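The values are calculated or read from the model by the stated rules, or taken from the named source; none is laboratory data. Everything numeric in this text was worked out from a predicted model, so none of it was measured. Cβ placement follows ideal geometry from the backbone for every residue including glycine, while neighbour counts extend to all protein chains displayed.
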Amino acid sequence: MTNLFVPNELAITRDLDGISLKAIEEHFKLYEGYVKKTNEIREKIASADKESANTTYSEIGELKRQESFAIDGMKLHAIYFGILGGNGEPVGKVADMIIRDFGSIESWKEDMTAAGLSARGWVITSYDLDEKVLKNYSADAHNVGIIAGTVPIIPLDVYEHAYYMDYGTNRKGYIEAFFRNLDWEKINELAEKYID
Ligand SMILES: [Fe+2]
(Lines give C-alpha, C1' and ligand atoms only; values in the text may rest on other atoms or scores of the structure.)
Protein backbone atom coordinates (compact mmCIF):
# COMPACT_ATOMS: atom_id res chain seq x y z
CA MET A 1 0.00 0.00 0.00
CA THR A 2 1.33 3.46 -0.92
CA ASN A 3 0.69 6.28 1.55
CA LEU A 4 0.29 9.58 -0.27
CA PHE A 5 0.56 13.08 1.18
CA VAL A 6 -1.90 15.96 0.93
CA PRO A 7 -0.25 19.41 0.93
CA ASN A 8 -0.97 21.80 3.83
CA GLU A 9 -2.88 25.00 3.15
CA LEU A 10 -0.83 28.18 3.36
CA ALA A 11 -1.94 29.86 6.60
CA ILE A 12 -0.10 33.13 5.90
CA THR A 13 -2.34 35.69 4.18
CA ARG A 14 -0.48 38.98 4.65
CA ASP A 15 2.98 40.47 4.30
CA LEU A 16 5.14 39.51 7.25
CA ASP A 17 7.61 41.87 8.90
CA GLY A 18 10.32 41.93 6.23
CA ILE A 19 9.08 38.95 4.19
CA SER A 20 6.51 39.71 1.50
CA LEU A 21 3.40 37.64 0.92
CA LYS A 22 4.40 37.43 -2.74
CA ALA A 23 7.74 35.82 -1.84
CA ILE A 24 5.99 33.40 0.51
CA GLU A 25 3.35 32.47 -2.06
CA GLU A 26 5.97 31.78 -4.73
CA HIS A 27 8.03 29.81 -2.23
CA PHE A 28 4.98 27.80 -1.16
CA LYS A 29 4.56 26.58 -4.74
CA LEU A 30 7.94 24.84 -4.39
CA TYR A 31 6.66 23.07 -1.26
CA GLU A 32 3.57 21.93 -3.15
CA GLY A 33 5.88 20.63 -5.88
CA TYR A 34 7.78 18.51 -3.35
CA VAL A 35 4.54 16.99 -2.07
CA LYS A 36 3.53 16.14 -5.63
CA LYS A 37 6.91 14.63 -6.45
CA THR A 38 7.04 12.64 -3.20
CA ASN A 39 3.71 11.08 -4.09
CA GLU A 40 4.74 10.46 -7.70
CA ILE A 41 7.99 8.80 -6.63
CA ARG A 42 6.22 6.65 -4.04
CA GLU A 43 3.80 5.37 -6.63
CA LYS A 44 6.62 4.63 -9.07
CA ILE A 45 8.64 2.82 -6.40
CA ALA A 46 5.65 0.56 -5.76
CA SER A 47 5.74 -0.70 -9.32
CA ALA A 48 9.48 -0.34 -10.14
CA ASP A 49 11.59 -3.27 -11.23
CA LYS A 50 13.51 -4.26 -8.07
CA GLU A 51 15.41 -7.04 -9.84
CA SER A 52 17.55 -4.59 -11.84
CA ALA A 53 18.79 -2.57 -8.83
CA ASN A 54 22.29 -1.27 -9.48
CA THR A 55 24.54 1.36 -7.86
CA THR A 56 25.58 2.93 -11.18
CA TYR A 57 22.15 3.25 -12.67
CA SER A 58 18.82 1.61 -12.10
CA GLU A 59 15.27 2.88 -12.07
CA ILE A 60 14.72 1.88 -8.46
CA GLY A 61 18.08 3.38 -7.44
CA GLU A 62 17.23 6.76 -8.94
CA LEU A 63 13.74 6.74 -7.47
CA LYS A 64 15.10 5.99 -4.01
CA ARG A 65 17.79 8.67 -4.41
CA GLN A 66 15.32 11.36 -5.43
CA GLU A 67 12.75 10.26 -2.87
CA SER A 68 15.00 11.45 -0.04
CA PHE A 69 15.34 14.87 -1.70
CA ALA A 70 11.60 15.23 -2.31
CA ILE A 71 10.41 14.03 1.09
CA ASP A 72 12.93 16.10 3.07
CA GLY A 73 12.04 19.10 0.90
CA MET A 74 8.37 18.50 1.67
CA LYS A 75 8.78 17.99 5.41
CA LEU A 76 11.20 20.86 6.04
CA HIS A 77 9.09 23.32 4.06
CA ALA A 78 5.88 22.20 5.80
CA ILE A 79 7.42 23.07 9.17
CA TYR A 80 9.03 26.27 7.88
CA PHE A 81 5.73 27.72 6.64
CA GLY A 82 3.91 26.44 9.73
CA ILE A 83 6.10 28.31 12.21
CA LEU A 84 6.07 31.72 10.47
CA GLY A 85 3.45 34.40 11.11
CA GLY A 86 4.10 35.00 14.81
CA ASN A 87 5.49 37.95 16.75
CA GLY A 88 8.99 36.51 17.18
CA GLU A 89 8.86 36.66 20.99
CA PRO A 90 10.53 33.47 22.31
CA VAL A 91 8.32 31.75 24.89
CA GLY A 92 7.60 28.31 26.28
CA LYS A 93 9.43 25.03 26.48
CA VAL A 94 11.53 25.37 23.33
CA ALA A 95 12.70 28.86 24.30
CA ASP A 96 13.67 27.48 27.73
CA MET A 97 15.54 24.59 26.11
CA ILE A 98 17.37 26.96 23.79
CA ILE A 99 18.55 28.98 26.80
CA ARG A 100 19.65 25.74 28.49
CA ASP A 101 21.46 24.35 25.43
CA PHE A 102 22.88 27.52 23.86
CA GLY A 103 23.25 29.77 26.91
CA SER A 104 20.81 32.42 25.67
CA ILE A 105 18.41 33.25 22.85
CA GLU A 106 21.04 35.65 21.50
CA SER A 107 23.71 32.90 21.40
CA TRP A 108 21.28 30.59 19.59
CA LYS A 109 20.52 33.33 17.04
CA GLU A 110 24.22 34.05 16.62
CA ASP A 111 24.98 30.37 15.98
CA MET A 112 22.02 29.96 13.65
CA THR A 113 22.86 33.12 11.73
CA ALA A 114 26.49 32.05 11.23
CA ALA A 115 25.34 28.61 10.09
CA GLY A 116 22.70 30.25 7.88
CA LEU A 117 25.27 32.45 6.19
CA SER A 118 27.42 29.39 5.52
CA ALA A 119 24.88 26.75 4.49
CA ARG A 120 23.62 26.15 0.96
CA GLY A 121 20.19 24.86 1.88
CA TRP A 122 19.00 24.82 5.47
CA VAL A 123 19.94 25.42 9.05
CA ILE A 124 17.79 23.40 11.36
CA THR A 125 17.40 23.72 15.09
CA SER A 126 16.90 20.04 15.72
CA TYR A 127 16.09 17.96 18.76
CA ASP A 128 18.50 15.08 19.17
CA LEU A 129 16.55 12.10 20.44
CA ASP A 130 19.72 10.44 21.77
CA GLU A 131 21.44 13.43 23.39
CA LYS A 132 18.09 15.03 24.32
CA VAL A 133 19.36 18.49 23.42
CA LEU A 134 18.74 21.09 20.74
CA LYS A 135 21.46 21.69 18.14
CA ASN A 136 21.75 23.80 15.00
CA TYR A 137 22.75 21.65 12.06
CA SER A 138 23.29 22.88 8.52
CA ALA A 139 22.24 20.98 5.43
CA ASP A 140 23.57 21.81 1.98
CA ALA A 141 20.48 20.34 0.33
CA HIS A 142 17.17 18.96 1.61
CA ASN A 143 18.74 15.51 1.93
CA VAL A 144 22.40 16.39 2.52
CA GLY A 145 23.37 16.93 6.12
CA ILE A 146 20.27 15.61 7.88
CA ILE A 147 21.46 14.06 11.13
CA ALA A 148 20.23 10.60 12.08
CA GLY A 149 18.20 10.53 15.28
CA THR A 150 17.20 14.20 15.18
CA VAL A 151 13.89 15.87 14.47
CA PRO A 152 13.56 19.33 12.93
CA ILE A 153 11.99 21.91 15.24
CA ILE A 154 12.97 25.26 13.67
CA PRO A 155 14.11 24.89 10.05
CA LEU A 156 15.51 28.04 8.44
CA ASP A 157 15.48 27.92 4.64
CA VAL A 158 18.55 29.67 3.25
CA TYR A 159 18.18 28.62 -0.37
CA GLU A 160 18.26 31.78 -2.48
CA HIS A 161 14.64 31.22 -3.51
CA ALA A 162 13.64 31.94 0.11
CA TYR A 163 14.92 35.53 0.13
CA TYR A 164 16.10 36.75 -3.27
CA MET A 165 12.81 38.43 -4.18
CA ASP A 166 12.82 40.57 -1.02
CA TYR A 167 16.52 40.85 -0.23
CA GLY A 168 18.64 40.22 -3.29
CA THR A 169 21.95 38.95 -1.93
CA ASN A 170 21.33 40.28 1.60
CA ARG A 171 20.80 36.91 3.22
CA LYS A 172 21.52 38.29 6.69
CA GLY A 173 18.58 40.71 6.42
CA TYR A 174 16.31 37.80 5.58
CA ILE A 175 17.61 35.71 8.50
CA GLU A 176 16.90 38.61 10.87
CA ALA A 177 13.36 38.85 9.46
CA PHE A 178 12.90 35.09 9.91
CA PHE A 179 13.55 35.44 13.65
CA ARG A 180 11.14 38.41 13.90
CA ASN A 181 8.28 36.36 12.44
CA LEU A 182 8.62 33.08 14.31
CA ASP A 183 5.45 31.80 15.94
CA TRP A 184 6.66 30.30 19.21
CA GLU A 185 3.28 28.83 20.08
CA LYS A 186 3.46 26.77 16.91
CA ILE A 187 7.08 25.83 17.60
CA ASN A 188 6.17 24.59 21.07
CA GLU A 189 3.19 22.69 19.70
CA LEU A 190 5.43 20.92 17.20
CA ALA A 191 8.08 20.15 19.82
CA GLU A 192 5.45 18.58 22.11
CA LYS A 193 5.30 15.67 19.67
CA TYR A 194 8.91 14.78 20.34
CA ILE A 195 10.05 16.26 23.64
CA ASP A 196 8.81 14.86 26.97
FE1 LIG B 1 12.63 26.63 0.16
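Assorted remarks:
- Looking across Asp101, Asp157, one residue alone is within 15 Å of the ligand (Cβ to nearest atom), acidic (Asp, Glu) and crowded, with 16+ Cβ neighbours inside 10 Å. It is Asp157.
- Test: residue in region 173-196 that is assigned to a helix (DSSP H, G or I), basic (Lys, Arg) and within 16 Å of the ligand (Cβ to nearest atom): no
- From Leu10, Leu84, residue being closer than 24 Å to Gly173 by Cβ, of a type in the set (A, V, I, L, M), in contact with a Lys or Arg (Cβ under 9 Å, 6 or more places away or on another chain) and modelled with pLDDT of 95 or more: Leu84
- Residues of region 138-149 satisfying the condition of being of a type outside the set (D, E, K, R) and closer than 22 Å to Gln66 by Cβ: Ser138, Ala139, Ala141, His142, Asn143, Val144, Gly145, Ile146, Ile147, Ala148
- Listed by first and then second residue, the pairs linking a residue in region 41-53 that is farther than 16 Å from Met1 by Cβ to a residue that is outside any loop (DSSP other than H, G, I, E, B) and among the hydrophobic types (A, V, I, L, M, F, W, C), with Cβ atoms under 6 Å apart and 6 or more places separating them unless they lie on different chains, are Lys50/Ile60; Ala53/Ile60.
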